[in-house]
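Following: one structure in structure tokens, then a few remarks.
The values are calculated or read from the model by the stated rules, or taken from the named source; none is laboratory data. Please read these numbers as outputs of a predicted model, since none were measured by experiment. Cβ atoms come from the backbone with ideal geometry, glycine included; neighbour counts cover every protein chain shown.
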Amino acid sequence: MAKILDKRDLAPEIDLFTIDAPLVAQKAQPGHFVIVRASETGERIPLTIVDYNRDEGTIDLVIQAVGCSTIELCNLEQGDEFLDLLGPLGEPIEIKEIGTVVCVAGGLGVAPVYPKAKYLKEAGNKIISIVGAQTEEMLIMKDEMEEVSDEIYFATDDGTLGEKGFVTNILDSLLDERDEVDEVVAVGPAVMMKAACEVTTEYDIDTIVSLNPIMIDGTGMCGGCRVTVDGERLFACVDGPAFDGHAVDFEELMMRQSHYEDEEEEAEHKCNLDREVE
Amino acid sequence: MAKRQTMTKQSSEKRINNFNEVANGFTKEEAMLEAKRCLQCKNKPCVDGCPVEVPIPEFIDQVLEEDFSKASDTIKAKNALPAICGRVCPQEEQCEAECILGKKGEPVAIGALERFVADEESNEKAKVKVSNKNSGAKVAIVGSGPSGLTAAADLAKLGYQVTLFEALSEPGGVLRYGIPEFRLPKSIVTEEIEHIKELGVEVQANVLIGSTLSIEDLWEKGYKAIFVGTGAGLPYFLSLPGENLNGVYSSNEFLTRANLMKAYKFPEYKTPITVGDKVAVVGAGNVAMDSARTALRLGAEEVSIVYRRSRNEMPAREEEIENAEEERIDLKLLRNPTRIIGNDEGWVEELECVKMELGEPDSSGRPRPIPIENSEFTIPVDVVIIAIGQGPNPLLPKKTPELETTKWDNIIVDDDTYQTSISGVFAGGDVIGGSATVIAAMGDGRQAAKSIHKYLQE
């Protein structure tokens, strides 16, 4: 059981949870994730560790209520508990002084990008961030990202904040103007990471992405999260989730992410029915 | 010689539509008739065939006396998981293979009798159990499958303070996520683990040793010895084109979704599973049978087993192959997959196979399967399940560089003591390789527990 110590709204249907998880906090590093389950009937949901506080023994998680299981998680309040929490899982990203790092975050991708930006900044790097969302209202962790960035740019689909359009457009013009960029970190929907990698390939800049395939156990046991990287079959849960973006087969990732679309619809239908009955 | 009693089974027509147990277990009358067949041999060859040395003639004699509680105590002195072993042990290769009656006719149904005694005992709820308060040194058990549970029970009985660490949400390991409900009801796994907890064993779920806590952390927390029984939690794939298409599962994933996450109760349980109408399972071991029969119960209309050798070489238990055949699982023998073909949306559509013939024996002693040139053909499929075996989960050794492993990632242990390259750390079960059955892993757990006891007394 993992107790919710604090819960705060970041955007419509997106919440930040502070969880009492002293063992996980002790070992957490940027790039790690956890798997949580709300209740006996819930799915195991992988979530990036957004931040951690070793002294307080807490970790922060961002959850968007998009399907049955995440809705169930987001319905829990301060003082409630997640039935299961396992972690930290995956391989952390290497934090070292590289020079200038561009951090690109799309949508909920801010959650995994933030700890990388924060600790890369602490390690002495210059951080240029590009954060995108559908609308200004949906753009999360703006203050936190501003705090850890030397420069920051925003993009929204409707132009309510920053430039109207995609983060990749900003990335393209930025890389065109600047020669000092040493590395790019890009996390968001697979289609965004794919586009970002296409841009950085052009400029020949190393790019780290963080993949979110469908996962169950998170310990390398089921092979459900297999991804193809540089022609090799790897498991995102134990070999990743961060990989060299230029080597990732994004088409396959997107295809595999769609595996349960029909079932998700059916489950959602039941979820809605149950709620109406209540 | 009196005829061997057999357990009645749910009819195949009925059972393919439910997840209830296939075999019904002996009635008291059947058990008594079967117990009478035992010759009570002085030299007890059956006991030699048992990896955990259950005193078989002794408990059978107690069954004859109708003292089932005493029979249960006799078994439990050696075997912490009798209701499980009575169901999933390959008795035909172990105790029953050594039974003198088997030389001329049919051996005593030892497995069914063990199951009967264990089930009788659990039905008899009146017995009050008292939790032990152990005071010996602290011992950590990593992984709560058959080897870990056995080592935990043995060490708790010796008075040690035992903590069992499990990465998943509930203890049991392969007994929980792997073996399906219709072969091993999860209520029985829960109950046997409850008995082990009553010995004073503390279970900590959702703790992944290597990640949540390191081996170093366990020493710092005051554990004086560690047993690693992390099992064979790494799925093997065929490395064929199309293996990452949607609808292609490892048996580990398919069974974990069905068993641990109860996908067979979807959408009440939220974890989905894809089955479709036509399922092909590649492989012919017990896990392949479990996968095929699970798919059938989840609604598949045609399920086939694709195996590159013949029926004689199938590694599954004969009983499980027969059950699968009764349930009309199609055995496509001497067929080897060559390619998985998908549609435009990335879903599997066909499994391409090549016909095989058997040649001279290979290094495994089994006839080598040889592809017949230009004999490729395709099977239409909605789902393909790869059940060609598992390797040891590499996570703990990867995070513990001092823990030496073979090139196949098995943890290296001393043959006699089960101690690893780290002093005070022992290992057993599938992670050290070779065993692959519940009872063999339990045998390792038993031997390692003896060594740990000796190590802690020095």
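B:Ala35 meets the conditions (1) in contact (Cβ under 8 Å) with a residue 24 or more places away in the chain; (2) within 30 Å of B:Ala448 (Cβ to Cβ); (3) among the small types (Gly, Ala, Ser) in every case but one. The failed one is (2).
For A:Asp150, the criteria (1) of a type outside the set (Phe, Trp, Tyr); (2) closer than 21 Å to A:Ile95 by Cα; (3) touching a residue at least 40 places away in the same chain (Cβ under 8 Å) hold in every case but one, which is (3). Within region B:159-177, residues that are farther than 23 Å from B:Asn134 by Cα reach partners that are part of a strand (DSSP E or B) with beta carbons closer than 7 Å, at six or more positions or on different chains, in the pairs B:Ala167/A:Leu86; B:Ser169/A:Arg37; B:Ser169/A:Asp84.
Give me the residue from region A:237-270 that is in a strand (DSSP E or B) and either surrounded by 18 or more Cβ atoms within 10 Å (Cβ to Cβ) or within 10 Å of chain B (Cβ to nearest Cβ) (or both) and, out of that set, farthest from the chain's Cα centre (by Cα).
Result: A:Val248.
For region A:67-74, indicate whether the set of residues that are modelled with pLDDT of 95 or more and more than 13 Å from every other protein chain (Cβ to nearest Cβ) is non-empty. There is no residue in region A:67-74 that is modelled with pLDDT of 95 or more and more than 13 Å from every other protein chain (Cβ to nearest Cβ). For B:Ala80, the test of being within 23 Å of B:Thr190 (Cβ to Cβ), modelled with pLDDT under 90 and crowded, with 24+ Cβ neighbours inside 10 Å is passed.
Scanning region A:205-229 for residues that are modelled with pLDDT of 95 or more and more than 14 Å from chain B (Cβ to nearest Cβ), which turns out surrounded by the fewest Cβ atoms within 10 Å (Cβ to Cβ)? So, considering only residues that are modelled with pLDDT of 95 or more and more than 14 Å from chain B (Cβ to nearest Cβ), the one surrounded by the fewest Cβ atoms within 10 Å (Cβ to Cβ) is A:Asp206.
Taken together, the residues in region B:193-246 that are within 14 Å of another protein chain (Cβ to nearest Cβ) and within 26 Å of A:Leu85 (Cα to Cα) amount to 24. Can you find even one residue in region B:369-385 that is within 14 Å of chain A (Cβ to nearest Cβ), surrounded by fewer than 16 Cβ atoms within 10 Å (Cβ to Cβ) and under 22 Å from A:Glu252 (Cα atoms)? Within region B:369-385 (the criterion being within 14 Å of chain A (Cβ to nearest Cβ), surrounded by fewer than 16 Cβ atoms within 10 Å (Cβ to Cβ) and under 22 Å from A:Glu252 (Cα atoms)), the answer is no, since none of the residues qualifies.
Kindly provide the set of residues from region B:245-262 that are farther than 21 Å from A:Thr70 by Cα and assigned to a helix (DSSP H, G or I), ordered by number. So that I can check it myself, show each step before the final result.
First, the residues of region B:245-262 that are farther than 21 Å from A:Thr70 by Cα: B:245-255, B:259.
The answer is B:Ser251, B:Asn252, B:Glu253, B:Phe254, B:Leu255.
A single entry from A:Ile130, A:Ile59 fulfils the requirement of being within 30 Å of B:Pro394 (Cα to Cα), of a type outside the set (D, E, K, R) and either surrounded by 24 or more Cβ atoms within 10 Å (Cβ to Cβ) or not assigned by the TED database to the domain that holds A:Val191 (or both): A:Ile59.
Scanning region A:193-209 for residues that are out of contact with any Ser or Thr (no Cβ under 7 Å at 6 or more places or on another chain) and either outside the structural domain of A:Gly107 (by the TED database) or not β-branched (Val, Ile, Thr) (or both) yields A:Met193, A:Lys194, A:Glu198, A:Glu202, A:Tyr203, A:Asp204, A:Asp206.
All of B:Gly342, B:Gly424 fail the test of being buried (at least 17 other Cβ atoms within 10 Å of the Cβ), modelled with pLDDT of 95 or more, over 30 Å from B:Ala112 (Cβ atoms) and more than 14 Å from chain A (Cβ to nearest Cβ), apart from B:Gly424. The set of residues in region A:210-235 that are outside any loop (DSSP other than H, G, I, E, B), touching a helix residue (DSSP H, G or I) at 6+ places or on another chain (Cβ under 9 Å) and either among the hydrophobic types (A, V, I, L, M, F, W, C) or in the same structural domain as A:Gln29 (by the TED database) (or both) comprises A:Val227, A:Val229.
When restricted to residues that are outside any loop (DSSP other than H, G, I, E, B) and buried (at least 16 other Cβ atoms within 10 Å of the Cβ), region A:153-183 contains 15. Here B:Thr190, B:Thr163 are screened, and the one residue that is of a type in the set (S, T, N, Q), surrounded by fewer than 21 Cβ atoms within 10 Å (Cβ to Cβ) and either within 12 Å of chain A (Cβ to nearest Cβ) or in a helix (DSSP H, G or I) (or both) is B:Thr190.
Of all residues in region A:18-57, those being at the interface with another protein chain (Cβ under 9 Å from one of its Cβ atoms) and more than 30 Å from B:Tyr264 (Cα to Cα) number 5. The residues of region B:67-117 that are among the aliphatic types (A, V, I, L, M) and assigned to a loop (DSSP other than H, G, I, E, B), listed by number, are B:Ala77, B:Ala80, B:Leu81, B:Ile100, B:Val108, B:Ala109.
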